[in-house]
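Quick note: the coordinates plus some simple rules give every number you see, no bench work behind them. Please read these numbers as outputs of a predicted model, since none were measured by experiment. All Cβ positions, even for glycine, are placed from backbone atoms using ideal geometry, and neighbour counts span all protein chains on display.
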Amino acid sequence: MAAANHPEPHSGEQPSSPHEGRMGGAGLLIAAPASGQGKTSIVAGLARLYARQGKRVRVFKCGPDFLDPMIHAVASGNPCENLDLWMCGEIDAAWRLSRAAQDAEVILVEGVMGLFDGAPSAADIARRFDLPVLAVIDAGSMAQTFGAIAHGLATYQPDLPFYGVLANRVASAGHAEMLEESLTSNIRWCGTVPRDAEATLPERHLGLHQAAEIDDLMARLDRMADHLEKTPLAALTEVPIALLCTTFGASPEPTFSTVPPLLDGKAIAIARDAAFCFLYPANLELLATLGAQLVFFSPLAGDTLPDCDALWLPGGYPELHAATLSQRRDLFAQLHDHVNAGKPLLAECGGMMVLFDTLADKEGNTHPMAKLLPGHVAMQERLTALGGQEADLPEGTLRGHTFHYSKTETSLMPLTHARRQRALAGKTQGEAIYRLQRLTASYVHFYFPSNPTAAAALFLP
């Protein structure tokens with residue numbers, strides 16, 4: 001078989017490590033030529049497989065995604081954090097990887113879009129942290145071209161630490177043989193996964209369904225793990241450690257290590273349910289580290305606003321639950337009282353959408369909302385905004401990202417506008433950010449560790 005002639009990757013000199021004091025532990029960055037290749041299912045399946053083997057597994061997600069990490073947290077049994085060299089920053093990424101490496105036996109990092117897409121890209125993260133890249137390629141509609149794509153991914157950037165290639169959605173043993181034989185001799189063959197609808201994760205307009213909404217999620221994860229158990233990846237940690245060493249020895253300090261407990265004694269109420277679910281674990285960790293008491297409540301379940309000093313309405317899917325939310329007049333009245341009392345309220349994306357007068361769902365049905373912000377929100381057929389954003393607020397500069405299918409119409413003048421990470425058609429102006437008393441509302445999802453002091457100030461009177 002062709003695989004027998006494949007030499008070990010990394011046969012040349014290893015890239016220099018970003019930190020002194022190397023640590024052992026198997027690690028892979030799983031990427032693909034493009035979105036839709038099945039890499040999230042593969043990463044989740046690998047995490048489930050290694051967890052079933054009794055290994056301590058940590059999963060990270062490249063980019064600002066909320067949904068994939070929910071799946072990976074279930075599969076691995078541990079929180080899944082985000083890595084983004086622009087939004088989160090290199091020091092933040094290095095520290096989180098280093099912390100995970102103190103305990104984890106396996107570290108998996110899921111790429112975003114295609115391997116080289118974006119600036120920075122998943123490939124940039126792989127090179128920066130010496131993470132070997134496993135390429136997942138949807139081979140369902142190809143044969144020998146598989147080898148050309150694999151060759152391109154492996155050699156496009158000569159300094160990329162490339163591990164091997166896995167063929168996804170393979171039709172038969174004969175199909176698998178053609179794919180393997182198409183590889184050049186310097187690329188490791190990591191096996192195949194068949195097309196299997198029962199192992200596929202369901203999707204909708206913002207991406208995958210939330211983990212809590214997939215009733216048979218564990219069965220799907222186990223089914224994918226069963227497929228992967230038949231590949232060489234099942235014995236990942238048996239590969240010599242020199243080939244798979246994820247090196248984060250002497251870790252830098254977290255960006256908030258020197259920040260005083262600015263939120264000490266402050267109770268922050270946080271909406272959390274199927275309508276308000278886009279919460280970075282790093283944001284929650286930071287608030288708690290700065291001394292805040294986090295109190296969660298569910299608007300969908302009929303919870304009233306907890307007694308609190310500040311309030312956070314994160315993003316999510318209010319458009320899918322608009323009929324239920326529109327009946328929460330009691331909660332809306334409490335939101336008005338909270339803002340009129342001069343208490344802070346941060347409303348991000350979906351959280352902001354429920355504060356306008358009305359919300360029109362994808363079917364065109366209009367629902368009354370909280371009426372804290374004048375205007376209307378309507379869902380669109382296509383994506384209306386996507387990308388990194390940076391905002392200069394009175395509290396300081398924060399980075400984050402935006403991703404939504406809705407548009408707003410309002411007479412309210414913005415406090416400011418965020419700036420796009422990358423200019424679009426020559427324009428850098430990003431999302432509007434609104435401010436009424438201590439209410440801050442925007443489509444931007446902020447990454448609090450990008451400026452801990454500014455993030456804390458958003459929750460102070």
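With the highest mean first, a sort of the peptides 109-119, 187-197, 57-67 on other beta-carbon atoms found within 10 angstrom per residue produces 57-67, 109-119, 187-197. Fully extending the segment from residue 155 to residue 416, taken as 0.36 nm per residue of separation minus the present Cα-Cα distance, adds 89.6 nm.
Taking each of 266/343; 343/407; 266/371 in turn, the alpha-carbon distance tops 20 angstrom for 343/407; 266/371. Full extension of the chain between residue 235 and residue 383 gives 49.2 nm of extra length, using 0.36 nm per residue less the Cα-Cα distance. Remark on residue 32: its backbone amide H falls under 5 Å from those of 115, 136, a criterion applied only to residues 5 or more positions apart or on other chains, H modelled at 1.01 Å from N.
The antiparallel fraction among DSSP beta bridges confined to segment 277-386 stands at about 35%. If you take every DSSP beta bridge whose two residues both sit in the chain, what share of them, in percent to the nearest 5, is antiparallel? Antiparallel bridges make up about 40 percent of those DSSP assigns within the chain.
When peptides 282-291, 439-448 are sorted by average Cβ neighbour count within 10 Å, with the highest value leading, the order is 439-448, 282-291. Converting phi to 3J(HN,Hα) with the Karplus coefficients 6.51, -1.76 and 1.60 and the offset θ = phi - 60°, segment 120-126 yields x, 10, 4, 4, 4, 5, 4 Hz in sequence order, with x at every glycine or proline. Using Cα pairs closer than 8 Å and at least 6 residues apart in sequence, work out the relative contact order for segment 267-457, in percent. Computed value for segment 267-457: 20 percent relative contact order. Here the residues 411, 41, ranked from fewest to most Cβ neighbours within 10 Å of their Cβ, fall in the order 411, 41.
Taking amide H positions as modeled 1.01 Å from N, with prolines and chain starts lacking one, the residues under 5 Å from residue 389 and 5 or more places away or on another chain are 400, 401, 402, 421. Taking packing as the residue-averaged number of other Cβ atoms within 10 angstrom, the listed peptides 414-423, 83-92 run from highest to lowest as 83-92, 414-423. The alpha-carbon of residue 230 sits under 26 angstrom from the alpha-carbons of these lysines, leaving out residues fewer than 8 places away in its chain: 39, 55, 61. If the chain linking residue 362 and residue 172 were pulled fully straight, counting 0.36 nm for each residue of separation and taking away their Cα-Cα distance, it would gain 64.4 nm.
Per residue of the chain, the DSSP helices (runs of n ≥ 4 H) give a summed -39500 (n - 2.57) that works out to -7000 deg cm²/dmol at 222 nm. 3J(HN,Hα) couplings calculated from phi for segment 402-410 with the Karplus curve 6.51 cos²θ - 1.76 cosθ + 1.60 (θ = phi - 60°) are, in sequence order, 10, 6, 7, 10, 10, 10, 10, 10, 8 Hz; Gly and Pro show x.
3J(HN,Hα) couplings calculated from phi for segment 128-141 with the Karplus curve 6.51 cos²θ - 1.76 cosθ + 1.60 (θ = phi - 60°) are, in sequence order, 5, 10, 6, 9, x, 9, 9, 8, 9, 10, 6, 9, x, 10 Hz; Gly and Pro show x. In this simple spin-label model, placing a label point 7 Å from the Cα along the Cα-to-Cβ direction at both residue 427 and residue 329 gives a separation of 3.9 nm.
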